[in-house]
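What follows is a set of notes on a single structure, which appears directly below.
The values are calculated or read from the model by the stated rules, or taken from the named source; none is laboratory data. Since the model is a prediction, treat every value here as computed from it, not as a measurement. Heads up, the Cβs are rebuilt from the backbone with ideal geometry, glycines too, and the neighbour counts pull from every protein chain shown. Keep in mind that these areas ignore ligands, DNA and RNA; they rest on the heavy atoms of the full protein, side chains included. Shrake-Rupley method; radii C 1.70, N 1.55, O 1.52, S 1.80 Å.
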Amino acid sequence: MTRRGAGRRLVSTLGKVALATLGVGVALGMAELLLRTFPNWVPREVRVSPPVRRVHAYIDETYAVRLSDGDLFHWMRGAIAPLVQDQDRVVAWVHLVTDANGFRNLPPERATYDIVALGDSFTRASGVATPWPQELAASTGMYVLNLADVGAGPQQELEFLRQFGINKHPQWVIMAYFGANDLYEAGAYEKANPFILPRFGRFLLTRGGAGWPETTSTGTQVVAEPGYRYPITMPIDGTGMEMAFFSPHISWLSVSGQLIEASQDYRLVREVILAAGELSEEVNSRLLLVYIPSKEHVYLPYLDDAETARRVYANVSTLALDEAGFLQFTNLPATLELTLEHMDDQANLLAGFAAAHDVAFLDLTSTFQEVAGTGVELYYPFDTHWNQQGHYLAAEIIAGYLQATDGERPSG
């Protein structure tokens, strides 16, 4: 073959490679565009920045919630004994209605609202008939707009306020902060890949492997030991209450205030709170930061049996700062003593920060612990969320706080 012929073949080959590369690039670009055009196709576990929100507008459906629907059967798969047929029961009947933007609000939409509520699944509350914002409206006579979404973190909630809430000129903006994962959500939002497709591909590959370790929404792997660790029986007020805990939630309770304060996660949370406060002030609204405790935060103080504690802490790890300053899970085990020592640290940090910046702050933890100590169930046994009693109690506490301020600007 002549030198000229070899050169032509090389040029032809390179041209074909270039065309193929261009074709792949165009296909990937179209796939990315398609996923952004139809965000409901993107699984909730696929995190992107800015996040893709799945909007389910104008839903009007009624459904039953059973004990077996508890999310811990998914997140702690293999660690909870399955319910036998006669144990399973309906724990709630839910009539779920969403508005034009996919938030859980009853029609008709108003031009203004007294309260805008921000939060995650604790505030959207797809598992109860009456979420706390709706109960708050009923008990106070105020109009409440629920702008919560499942899996929303602080930055997303701030964006909801900007897009859908602040133009309603509320008297109050209530940001419901979930102590078990909002620090994580803030960090995950910051670190998320801006492109959907590679994360979507990774999601499909990891979920496609049968028997692979399950990755939870809090960034750690749940590895079940042989046998079932749950349910455990908590001796509360002379009775035994069966329940299960979520191990990563215990891990976040075990982080010291010093470590939290030094983290990038907490910096992001502080920035969101300040931004929400400034945005609220622009329309003469008042920001109220409400700290929502996890089930573990409420019930672990009542755990006094060493064998039960061993089962609970069989796969609970501690957290540490990574090289970038974000909190991440380690291979070091946590203990009940460590959790009890630090479980209030995050709420105390937020209380101090709120007071220093003239932000109203309300911690639900002590009241929830007190009521739980009387034997009242406030969370579903096999779920991380409040049951209806929990929502009633939250609304009662928040309503009492609002009424106590009597229209005066809170000082924190």
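For the stretch 263-278, the tally of residues that are surrounded by fewer than 22 Cβ atoms within 10 Å (Cβ to Cβ) and of a type in the set (Gly, Ala, Ser) stands at 2.
Checked against the criteria, Pro333 counts as open to solvent by 40 Å² or more (accessible area, probe 1.4 Å) and in contact (Cβ under 8 Å) with a residue 12 or more places away in the chain. Scanning the stretch 156-169 for residues that are closer than 20 Å to Pro108 by Cα and in contact with a helix residue (DSSP H, G or I) (Cβ under 8 Å, 6 or more places away or on another chain) yields Leu161, Ile166. Using beta carbons and a limit of 8 Å, which pairs, at least six apart or on different chains, have the first residue in the stretch 340-357 and modelled with pLDDT of 95 or more and the second one buried (at least 19 other Cβ atoms within 10 Å of the Cβ) and polar (S, T, N, Q)? Every condition considered, the pairs that remain are His342/Ser254; Met343/Ser254. Give the residues of the stretch 291-307 that are hydroxyl-bearing (Ser, Thr, Tyr) and either crowded, with 20+ Cβ neighbours inside 10 Å or at pLDDT below 95 (or both), sorted by residue number. If the condition is that a residue be hydroxyl-bearing (Ser, Thr, Tyr) and either crowded, with 20+ Cβ neighbours inside 10 Å or at pLDDT below 95 (or both), then Tyr291, Ser294, Tyr299 are the ones that fit.
Check whether at least one residue in the stretch 70-87 is at pLDDT 95 or above, under 19 Å from His56 (Cα atoms) and surrounded by 14 or more Cβ atoms within 10 Å (Cβ to Cβ), and report yes or no. No - not one qualifying residue is present in the stretch 70-87. Taken over the stretch 129-180, the criterion of being touching a residue at least 40 places away in the same chain (Cβ under 8 Å), assigned to a strand (DSSP E or B) and among the β-branched types (Val, Ile, Thr) is satisfied by Val173, Ile174.
When the stretch 282-321 is examined, which residues are found to be in a loop (DSSP other than H, G, I, E, B) and under 22 Å from the mean Cα position of the chain (by Cα)? Of everything in the stretch 282-321, those that are in a loop (DSSP other than H, G, I, E, B) and under 22 Å from the mean Cα position of the chain (by Cα) turn out to be Pro293, Ser294, Val316. One residue alone among Asn348, Asn331 is of a type outside the set (Lys, Arg) and over 29 Å from Leu274 (Cα atoms), and that residue is Asn331.
The residue of the stretch 129-146 that is nearest to Ala394 (Cα to Cα), among those that are of a type in the set (A, V, I, L, M, F, W, C) and open to solvent by less than 20 Å² (accessible area, probe 1.4 Å), is Trp132. Within the stretch 386-408, no residue satisfies the criterion of being in a helix (DSSP H, G or I), open to solvent by less than 10 Å² (accessible area, probe 1.4 Å), of a type outside the set (Gly, Ala, Ser) and within 12 Å of Val376 (Cβ to Cβ). Scanning the stretch 126-161 for residues that are touching a Lys or Arg at 6+ places or on another chain (Cβ under 7 Å) and not polar (S, T, N, Q) returns Pro131, Tyr143, Leu145, Ala148, Asp149, Val150, Gly151.
Checked against (1) in contact with a helix residue (DSSP H, G or I) (Cβ under 9 Å, 6 or more places away or on another chain); (2) modelled with pLDDT under 95; (3) not in a loop (DSSP other than H, G, I, E, B), Arg207 passes all but a single condition, namely (1). May I ask you to list the residues in the stretch 348-385 that are out of contact with any Pro (no Cβ under 8 Å at 6 or more places or on another chain), open to solvent by less than 20 Å² (accessible area, probe 1.4 Å) and part of a helix (DSSP H, G or I)? Listed by number, the residues that qualify are Leu350, Ala354, Ala372. Is it true that some residue in the stretch 115-124 is touching a residue at least 40 places away in the same chain (Cβ under 8 Å), over 23 Å from Glu185 (Cβ atoms) and not polar (S, T, N, Q)? No: zero hits. Taking the conditions (1) loosely packed, with under 11 Cβ neighbours inside 10 Å; (2) at pLDDT 95 or above in turn, Leu19 satisfies each one other than (2).
Being touching a strand residue (DSSP E or B) at 6+ places or on another chain (Cβ under 8 Å) and either surrounded by fewer than 19 Cβ atoms within 10 Å (Cβ to Cβ) or under 23 Å from Gln171 (Cβ atoms) (or both) holds for only one residue in Leu327, Leu288, Leu340, and it is Leu288.
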